[in-house]
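S.K.: Please see the structure below; I have some questions.
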Amino acid sequence: MSSNDGYLLLALFLIPLGTAVLLMFVPSRERGAIIALTGAASFVLFVLSVYLFSRFDYEGAQFQGVKAWTWMENIGFLGEKGIQLKVGLDGIAAPMVLLTGIITMAGTWVSWKIQHRTKDFFILLYVLVAGVYGTFVMLDLFFFFLLYETAVLPMYLLIAVWGSTRKEYGAMKLMMMLVAASILIFTGIFAIFSEAGLASFDLTRLFGAHYDPTMQKIFFPMIAIGCGTLGGMFPFHAWSPDGHAAAPTAVSMLHAGVLMKLGAFGIIRLGFQILPEGAAFWAPGLITVGITAALYGAISALRQTDLKLMSGFSSVSHMGYVFMGLGTLNVVGMSGAVLQMFAHGVMTALFFLLIGGLYDQSHNRDIPNFSGMAKQMPIWSIFFIIGGMASLGLPGLSGFVAELHIFVGTFRAYPIVGGLAVLTAAITATYLLRMFSQAFFGEMNPRWSGLKEITWTERAGATVLVLSILALGLWPSPWVDRISTTLAHTIPGVSL
Amino acid sequence: MGMEQVGLLPAILAGAFVVVALFNAFLPRRGDWLVILAMLAVIVIGFLVIKDFQTYFHDGEFMPRGENAYSFEWVNIGDGLFVIDFSTWVDSITVVMITVVSIVALMVMVYSVGYMHGEQRYGWYYAVLALFTAAMLTLVISGNLLITYFAWEGVGLASFLLIGFYWERQSAAEAAKKAFITTRIGDVGFLIGIILLWREAGTFDIQQIIHFAEEGGFGETYLTVTMLFLFMGAVGKSAQFPLHVWLPDAMEGPTPVSALIHAATMVVAGVYLVARMMPVFDQVLIARDVVLYTGLITAAMAATMGLVASDIKRVLAFSTVSQLGFMFVALGLGSVSAAMFHLFTHAFFKALLFLGSGSVIHATERQEVEYLGGLRKKQPITAATFIIGSLALAGIIPLAGFWSKDEILHTSLNEGSLPVYVVLATTAVLTAIYTTRLVLLTFFGEPRDHHAYDHAHESPRIMTMPLLILSVLAVVAGFVVFTPVGKALGFSGGITELVFVEEPEKFHFDGAFALGATLSALFGIGIGLAYWWGRAERAERARSWAPELHALLVNRYYMDDLYQAIINRVVLGAAAVIALFDKRVVNESGIDGGAQSVSWFGFRLKFLQTGKIPNYALAMAVGVVALALVAFRTS
């Protein structure tokens, strides 16, 4: 990747922002224009994301495509290169950028059927997307945090205005918990800033600075809990099932698909890459939290009857694998964690897309109310089963690749936890197959004979997601090479 | 074209799967011909692979473990630390498996043209058959345990899809779910075992792991635990006790599928796995004993359940479970050759029996023996071939089943102990009894349901042809044990001289032993004849003879009920507790409670803001006095 690709990295963040600004000047009644604009923007973003992912040199561990523009320096507490707009990509951010591209495009397509204040919806959605892309590519702690918050804040309005089922409660709960968590991150960021003594927010320089081990041990858990809350880390996951249940389809997709990954990404960027000794000290804690979440989420999901709540608890369980993988402190397990971020992102986006496709017609998501849906909506059912199979770790699909790495990494460090993790995959199979057998198979419930197959845009979105699931599942090395090289070389103390 | 191209076998069928699954609506005849054509191509290439294997076998060194034919790096972390190679491996075990899978798959695909005629989702059926066969072939040519696992789950998926083929029936949906989850429990152990092997050996490559184990690289206890985990996978897939419960229910699938997946190929994957890993099992004899006794318990238990089952397919399913138990007993005694030999012959006669039962079901639309009877007049070909299959299963000389069962009994007496032999021999008698019962109640005596009987007719030729071919194989397949037959087929000897772990064994015909085995099979048939000779009353009498025992057997030792109770009470109970904890403690107390306490404090504290000047003045005065006191204290 050449350094000129840095302009493309900047474009990843400017295009959605520009789209949001442009949308403000489009009259709301011009639905065609809104659709054309968002369609074009999301397609360009998708192509850019794929291009950047493929151009990324997987043998290089350092940041690639680095470009910096100084914004503020030598004023107040800021020294030389205090705050810069600095972009760059490493092997962890590259798959996340790809993930964002995929989900943004699919999410945009399915949102075209929103009738209520369409324009405002897309403005907020694209501000959110700009924040997400920005966080993944920014190499400056100031902008990192700024954009992290930019990604989170639109959620409140998106859920409270366009949501369903207890939407005000869900929006408020999500926002309160995430803002409270941000305080921890904010504190952590300033602790890092002052301890490094560089008077600069430049991440690449902060990576090399010296931090007192005691300070690392104190601030790592703050970062981990702060970012972990967004990542749905047990026991700070409470916003997740309710938030997902309340959110509109595209928001659920982006949220579970990308935003939760932002949390785990923050733990790697701020926690592992800056505070490695703190991370090493707290790694057993991450393992404990991870396996607890994996089992807890899976067992809770057994009892859920609302499809979205089931998906929400399933997310808690799958994100538990991510924290467990990070806690292994070896390259295989940690690569698994990043792979799982990608894998969970696409499959959970697929789930929410499909649940939305059903709910928009039936206004019902209660599993026992459905039966024999495979008759009424065969295409919908097939997509759902593929997503479910990916979720329960069927080889050939994305979930297996990620889980395998996590299991292997965990077995190296903690065999018994590894055994429990494999067992969790069997519990996942149980709740998903119970749901399939209840809702999809059997006699068709005549109450739903009016339901139509999902729309063409939904089918297209689901196809893109299924192709991503298959791509990672069948040919994982493009992902694995990028991720593992970066992890092995940028985190001190990580064993092979 | 040779062993390097063995990867083509699954690749062709996988391609057929993709095309037929996506485009069957646009293909003439929904693409069944495409799948059958692909299968024929696979057979041709498979034949070339076996030919190549033979030449390799003849010149130069005798290498029983074949050759690592082809390899493709799938994942590589840290330059060789964590590598998954898509590698293939062809040896004599592979050759046996390729032969079995290709022949039975082709027979089933041809037979299905008639059996599945006019079904909705006909194209989907053929697509999944292609998927299954592709995965099964991947399983048997894989040289890497993870690729084996990959294919292992693939055949499981195909099995799930085909058991649930008639998913509008709730019972089929339930059976598919049960099969998937039960085998998945075994797979948890399988995956743990694979990872534990990797943890010490640092590789997933089967030959390297075997080498590592033979060098003594594993600790004794570690390896025992690991191999037991690995064996869990085999127990689940091959429906052995205590995970056998899914196989009888799996009969909800279309009958040709039962023949292919649930009799001849997928369910023997566990046997194949243990045979493949036998050099490692040889290092830990405790694990081998577990294999032995699991097989023994299953063989006996399933045979007793087969005695009372009334559904023709379920009798055959119990029989399959029981025969798989025989194979595991052989493996537990360390005899890969006996197990693989029985696997080979069993595949043909059991596929024959299933397809025969399919022909009966196709004709009568009944599968409970209470409603059948006398069908030999209506379905002469089906009846004749079914009887041949039954005699092979019962172990009558010179049919296929005789030779392989004899080999296992022989091994159990030589390598095992007398009790093992006695249990197996008794089970063999039970096998003859339930087989006889099945044949009598289906094809002989008076028809019990006249509507079904009048309706019945011989199946079309496309269905009887596979029956005839398989019945020929059920007669002759056992002869591969003789050295001249093996040589005539181009191999260096009979099957036991080909498939082995340490030394080739030449087959010795023991006349006295064979006579004993034949007499005991005839004894079993005699009991069956005496008891059920075509009379419904006699079947009734069997029931009233020992009602408690009958109830125990009919309810399958209540194991299904036990598992259901565990799931309902324990698993879902725990889930309810945790879900309640999440609701009450995490959400309502933790999050909402926190928020509510803030608003409660806000409510209380707002009364301090009274708006009255004297109150504020008082507060200020108290503050000043307090500060003054503190100041005095410190100075």
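Values quoted throughout were computed directly from the atomic coordinates according to the rules given, and no laboratory measurement underlies them. All values reported here derive from a predicted model rather than from experimental measurement. Here the Cβ positions follow ideal geometry from the backbone for every residue, glycine too, while neighbour counts run over all protein chains shown.
S.K.: Using only the alpha carbons, work out the radius of gyration and Dmax of the range B:541-616 in angstrom.
M.R.: 30.4, 103
S.K.: Any idea how far apart B:Leu522 and A:Thr455 come out in nm if each label point goes 7 Å out from Cα toward Cβ?
M.R.: Distance between the two pseudo-spin positions: 7.8 nm.
S.K.: Give me B:Ile36, A:Ile469 ranked fewest to most by other Cβ atoms within 10 Å of their Cβ, as a rough exposure proxy.
M.R.: Exposure proxy ranking, most exposed first: B:Ile36, A:Ile469.
S.K.: Once the Cα atoms of the protein assembly as shown are picked out, what are the Rg and Dmax in Å?
M.R.: Final numbers for Rg and Dmax: 32.9, 119 Å.
S.K.: Something else now. Could you please report the charge total around B:Phe218, scoring K, R as +1 and D, E as -1 over all other residues with beta-carbon less than 12 angstrom from its beta-carbon?
M.R.: Neighbourhood net charge equals -3.
S.K.: Quote the FRET efficiency, to the nearest 0.05, computed for B:Asp560 versus B:Glu458 with a Förster distance R0 of 45 Å and r equal to the Cβ-Cβ distance.
M.R.: With R0 = 45 Å, the Cβ-Cβ based efficiency is 0.80.
S.K.: List the residues, sorted by chain then number, that are 5 or more residues from A:Ile454 or on another chain and whose placed amide H is less than 5 Å from its amide H.
M.R.: For A:Ile454, whose amide H was placed from the backbone, the distant partners under 5 Å are A:Trp380.
S.K.: Through the Karplus equation 6.51 cos²θ - 1.76 cosθ + 1.60, θ set to phi - 60°, convert the phi angles of the range B:210-216 into ³J(HN,Hα) values in whole Hz; use x for Gly and Pro.
M.R.: Values per residue, Gly and Pro as x: 4, 4, 4, 5, 5, 6, x Hz.
S.K.: Quick one: P(r) of chain B from all Cα-Cα pairs, 10 Å bins, percents rounded to integers, in order of increasing distance.
M.R.: Taking every Cα pair in chain B, the percentages come to 3, 15, 25, 24, 14, 6, 3, 3, 3, 3, 2, 0.
S.K.: How large is the Rg to Rh ratio of the range A:5-490 when both quantities use alpha carbon positions and Rh follows Kirkwood?
M.R.: With Rg and the Kirkwood Rh in hand, the quotient comes to 0.96.
S.K.: To the nearest 20 debye, what charge dipole does the range B:483-635 have about its Cα centre, counting +1 at the Cβ of each Lys and Arg and -1 at the Cβ of each Asp and Glu?
M.R.: The dipole magnitude comes to about 1260 debye.
S.K.: Enter the Cα centre distance for the pair the range A:248-302 and the range A:385-425, rounded to the nearest angstrom.
M.R.: So the two Cα centres are separated by 16 Å.
S.K.: Rg to Rh ratio, the range A:20-104, alpha-carbon atoms and Kirkwood radius? Show your work: numbers first, answer last.
M.R.: Details: Rg = 17.8 Å, Rh = 15.7 Å.
Here Rg/Rh amounts to 1.14.
S.K.: Count the net charge of all other residues whose Cβ sits under 10 Å from the Cβ of A:Ala247, scoring Lys and Arg as +1 and Asp and Glu as -1.
M.R.: Net of charged neighbours comes to +1.
S.K.: Can you compute the helix-only [θ] at 222 nm over chain B? Use -39500 (n - 2.57) per DSSP H run of at least 4 residues, normalise by all residues, nearest 500 deg cm²/dmol.
M.R.: Here the helix-only value at 222 nm equals -22500 deg cm²/dmol.
S.K.: Could you give the angle, 0 to 90 degrees to the nearest 10, between helix B:285-308's Cα long axis and the longest principal axis of the Cα atoms of chain B?
M.R.: Around 70 degrees separate the two axes.
S.K.: Between B:Trp533 and B:Asp289, with labels modelled 7 Å along Cα→Cβ, what's the label distance in nm to one decimal, could you check?
M.R.: Rounded to a tenth, the inter-label distance reads 4.8 nm.
S.K.: Rounded to the nearest 0.05, what FRET efficiency do B:Ala25 and B:Ser71 give with R0 = 30 Å and r taken as the Cβ-Cβ distance? Could you check? Mind showing how you got there, number by number?
M.R.: Values: r = 38 Å, r/R0 = 1.27.
Efficiency at R0 = 30 Å is approximately 0.20.
S.K.: Sequence neighbours fewer than 8 away in the same chain don't count; with that in mind, list the aspartates and glutamates whose C-alpha is under 12 Å from B:Lys506.
M.R.: B:Glu407, B:Glu497
S.K.: On a 0 to 90 degree scale, rounded to 10, what angle separates helix A:307-327 from the longest Cα axis of chain A?
M.R.: The helix A:307-327 is inclined about 30 degrees to chain A.
S.K.: If you don't mind, another one. Among A:Leu423, B:Ala631, B:Leu467, flag the residue with its Cα farthest along the positive direction of the charge dipole of the protein assembly as shown, charges on Cβ as +1 for Lys/Arg and -1 for Asp/Glu.
M.R.: B:Ala631
S.K.: Between A:Leu14 and B:Ala384, how many nm apart are label points set 7 Å from Cα along the C-beta direction?
M.R.: 8.5 nm
S.K.: Is any residue of the range A:42-62 close enough, with backbone N under 14 Å, to a label point placed 7 angstrom from the Cα of A:Leu22 along the Cα-Cβ axis, and if so, which?
M.R.: The answer is A:42-46, whose backbone nitrogens lie closer than 14 Å to the label point.
S.K.: Also: Just how many % of Cα pairs in the range B:214-308 lie over 22 Å apart, if you round to the nearest whole percent?
M.R.: Result: 35 percent of Cα pairs exceed 22 Å.
S.K.: Further question: Count charges around A:Gln376 for me, please; just the other residues with Cβ under 13 Å from its Cβ, Lys/Arg as +1, Asp/Glu as -1. Mind showing how you got there, number by number?
M.R.: Working: positive: A:Lys375, A:Arg447, A:Lys452; negative: A:Glu443, A:Glu453, B:Glu168.
Charge balance in the 13 Å sphere: 0.
S.K.: Quick one: if the Förster radius is 30 Å, what FRET efficiency do A:Ser194 and A:Thr70 give, using the C-beta to C-beta distance and rounding to 0.05?
M.R.: 0.90
S.K.: Are there any chymotrypsin sites (Phe, Trp or Tyr not before Pro) in the range A:17-121 that are in a DSSP loop and have at most 13 other Cβ atoms within 10 Å? List them by number.
M.R.: Qualifying residues, ordered by number: A:Phe25, A:Phe77.
S.K.: Among B:Leu243, B:His410, A:Gly18, which residue has its Cα positioned farthest towards the positive end of the charge dipole of the protein assembly as shown, with +1 placed on the Cβ of Lys and Arg, -1 on the Cβ of Asp and Glu, and the dipole taken about the Cα centre?
M.R.: Comparing the listed Cα positions along the dipole, A:Gly18 ranks first.
S.K.: Okay, moving on. What number, in percent, do you get for the relative contact order of chain A if the mean sequence gap of Cα pairs under 8 Å and at least 6 apart is divided by its residue count?
M.R.: Contact order relative to length: 16 percent.
S.K.: Using the alpha carbons of the range A:38-160, what is the convex hull volume per residue in cubic angstrom, as a whole number? Mind dumping the intermediate values first?
M.R.: Details: hull volume 14.3 nm³, N = 123.
Residue-normalised Cα hull volume stands at 116 Å³.
S.K.: Nearest 10 degrees, 0 to 90: what angle lies between the long axis of helix B:312-332 and the longest principal axis of chain B (Cα atoms)?
M.R.: In chain B, helix B:312-332 runs at an angle near 90 degrees to the longest axis.
S.K.: Further question: At most 11 other C-beta atoms within 10 Å and a DSSP loop state: those are the exposed chymotrypsin sites (Phe, Trp or Tyr not before Pro) I care about. Give me the longest piece of chain B that has none.
M.R.: B:63-508
S.K.: Something else about it: Long-range amide H contacts for A:Gly60: which residues qualify at under 5 Å (H placed 1.01 Å from N, peptide plane, sequence gap of 5 or more or a different chain)?
M.R.: When sequence neighbours closer than 5 places are left aside, there are no close amide H contacts.
S.K.: Another one. What is the list of residues in the range B:370-387 whose amide nitrogen lies under 14 Å from a point 7 angstrom out from the Cα of B:His451, following Cα to Cβ?
M.R.: Under 14 Å, as judged by backbone N against the label point of B:His451, lie B:371-372 of the range B:370-387.
S.K.: Within 10 Å of each candidate Cβ there may be at most 12 other Cβ atoms; applying that plus a DSSP loop requirement, which chymotrypsin sites (Phe, Trp or Tyr not before Pro) in the range A:180-245 survive? Show your work: numbers first, answer last.
M.R.: Details: sites: A:Phe186, A:Phe190, A:Phe193, A:Phe201, A:Phe207, A:Tyr211, A:Phe219, A:Phe236, A:Trp239; in loops: A:Phe201, A:Tyr211, A:Phe236.
Answer by residue number: there is no such site.
S.K.: Another one. Looking at the range B:296-401, which GluC sites (Glu not before Pro) are in a loop (DSSP not H, G, I, E or B) and have at most 12 other Cβ atoms within 10 Å?
M.R.: Here the GluC sites (Glu not before Pro) that fit, given the DSSP loop and packing criteria, are B:Glu365.
S.K.: Place +1 on the Cβ of every Lys and Arg and -1 on the Cβ of every Asp and Glu in the range A:5-490, take the dipole about the Cα centre, and give the residue among A:Phe201, A:Tyr58, A:Met176 whose Cα lies farthest towards its positive end.
M.R.: A:Met176
S.K.: With +1 on the Cβ of every Lys and Arg and -1 on the Cβ of every Asp and Glu, and nothing else charged, how large is the dipole of chain B about its Cα centre, in debye rounded to the nearest 20?
M.R.: On the way: 38 positive and 48 negative charges, 460 e Å.
Roughly 2200 debye, rounded to the nearest 20.
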